[in-house]
Amino acid sequence: MPFTTDNTLNEIIGSLSDEWKKAYFNLGMPVEFIDLVPEKLRNSSLAEIKEQFIMPWGLPYPAEDVARTANFAEDMVSRERYGVIPLWEEEQKEFVPDPTENGKKSVFLLTLHQELSNTEEKKPAVIICPGGGYETLAFIGEGISMAERFEASGYFPFILRYRVSPNRYPDPQKDLALAIKYVRANAERYHIDPNRLMLMGSSAGGHLCASTTALHAELEKALLNDLESSVPKLAEIYRGISIRPDGLCLNYPVISFVKEAHEGSFQALTGGNEQLREKLSVEQHISKDFPKTFVWTCEDDMLVPVSNTKRMGEALERQKIPYAVKIYPTGGHGCGLAAGTSAAGWFDEMLRFYDQK
């Protein structure tokens, strides 16, 4: 039976006695979120803990996310719901990654198992990049939840597990560039349209999508150089496959490192290399071939200044790129699908924007 908020925390802890389940839980959510709960509450249901325990940063205990992450860990071990594709391996068949390891072998695409259609019409695809300040990844709320919503909307979703700190630029960007090449090279396998590929990123994941798109020409060369020296078979397969996406959706994104920057993302991505501040400020590198873009945020975002979204819109306007900017009154930062906030309709607005001819 799937875990719900009716389960006790000790029941969740018991399920994580399997080291692989614990590792996958940690991929979806820091396992420290469990350790924070006082011993006296651990035989209480997650719903009761939510009512009684406040996280150190002032928010109620994330009971629903804990249950969802425990289910995710179960699914990852059983492989009934998700497939895992290693991106830097020559043999790109499903494998069991070690989500606690931070090198190239941990870079993978998570795919939802779907019944592939036999009709002539091929699905659009989306590569989802969760946020986490280039230090961690919000794999559930900004990954799995988004993928399920896209799947229900007729898209074929992929979720990217890209490298984060202590890895530095351009490692995450190369990972996304490689993911784009993989998806397009395997369009027939997934029955998708390689010319209808969207990137979606949240927070720092938004910066990853936007910066990879803005700098796609030089990243293309850097990636192929890497592949030629390390995995020449892939270099040959992927040569000539563009890494420029056909559309972007940026959720409360980090955009600028020059003005009102999210300093934590800059430090994690660059190690504090000031020479990269302007280069990685996306609003300064929007060209006329930038794809159609939907970007949104919340006015009460206290983590990434709203000016990041506004600057992105202004840069797109200057280049006459088709775009939409939505700024909702409430929702804060990291709200994902934003249920229960004024931003709750953003996903449907985004789909309508992309359906416009």
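Values quoted throughout were computed directly from the atomic coordinates according to the rules given, and no laboratory measurement underlies them. Everything numeric here is computed off the predicted structure, so don't read it as measured data. Because the Cβ atoms are built from the backbone with ideal geometry, glycine has one as well, and the counts that use them run over all protein chains shown.
Loop-resident trypsin sites (Lys or Arg not before Pro) (DSSP state other than H, G, I, E or B) in segment 150-241 with no more than 14 further Cβ atoms inside 10 Å of their Cβ: Arg239.
Projecting the Cα positions of Leu176, Cys298, Ala324 onto the charge dipole of the chain (unit charges on Cβ atoms of Lys, Arg, Asp and Glu, taken about the Cα centre) puts Ala324 furthest along the positive direction. A Gaussian network model of the chain, with springs between Cα atoms under 10 Å, assigns the largest mean-square fluctuation among Gln275, Gln92, Gln267 to Gln275. Kirkwood radius for segment 29-157, taken over all pairs of different Cα atoms as the inverse mean of 1/r, rounds to 16.9 Å.
Couplings 3J(HN,Hα) for segment 211-223, derived from phi with the Karplus relation 6.51 cos²θ - 1.76 cosθ + 1.60 (θ = phi - 60°), are 6, 4, 5, 5, 10, 4, 5, 6, 5, 4, 5, 4, 5 Hz, where x marks Gly and Pro. Between Ser307, Ser287, Ser17, find the one with the highest GNM mean-square fluctuation for the chain; connect C-alpha pairs within less than 10 Å. With Cα springs under 10 Å in the chain, the top fluctuation among Ser307, Ser287, Ser17 is at Ser17.
Taking every Cα-Cα distance in segment 119-182 and sorting them into 10 Å bins starting at zero, the pair-distance distribution P(r) comes out as 22, 45, 26, 6, 1 percent. Quick one: P(r) of segment 159-224 from all Cα-Cα pairs, 10 Å bins, percents rounded to integers, in order of increasing distance. Reading the bins upward from 0: 20, 53, 24, 2. Of the peptides 327-339, 59-71, 34-46, the ranking by mean beta-carbon count within 10 Å, highest at the top, reads 59-71, 327-339, 34-46. Across all directions, the average projected area of the convex hull around the alpha carbons of segment 242-285 is 3.9 nm².
Label sites at Thr4 and Asp300, each approximated as a point 7 angstrom past Cα along Cα to Cβ, lie 2.9 nm apart.
The string of couplings for segment 16-33 from the Karplus curve (6.51, -1.76, 1.60, θ = phi - 60°) is 8, 5, 6, 4, 5, 4, 5, 5, 5, 4, 5, 5, x, 6, x, 5, 4, 4 Hz, one whole number per residue in order, with x for Gly and Pro. When only the Cβ of Lys, Arg, Asp and Glu is charged (+1, +1, -1, -1), the dipole of the chain relative to its Cα centre reaches about 1040 debye. 3J(HN,Hα) along segment 281-286, derived from phi through the Karplus expression 6.51 cos²θ - 1.76 cosθ + 1.60 where θ = phi - 60°, amounts to 8, 4, 4, 8, 10, 7 Hz, with x in place of Gly and Pro. Spread over its residues, the convex hull of the C-alpha atoms of segment 178-265 is 110 Å³ per residue. How much of the DSSP bridge set in the chain is antiparallel, in percent, rounded to the nearest 5? Antiparallel: roughly 30 percent of the beta bridges in the chain. Annotation: segment 272-357 has a Kirkwood hydrodynamic radius of 14.1 angstrom, from the mean reciprocal C-alpha pair distance.
Ratio of Rg to Rh for the chain: 0.95 [Cα atoms; Kirkwood radius as inverse mean 1/r over pairs].
Rounded to the nearest 5, the antiparallel percentage of DSSP beta bridges internal to segment 68-208 is 45%.
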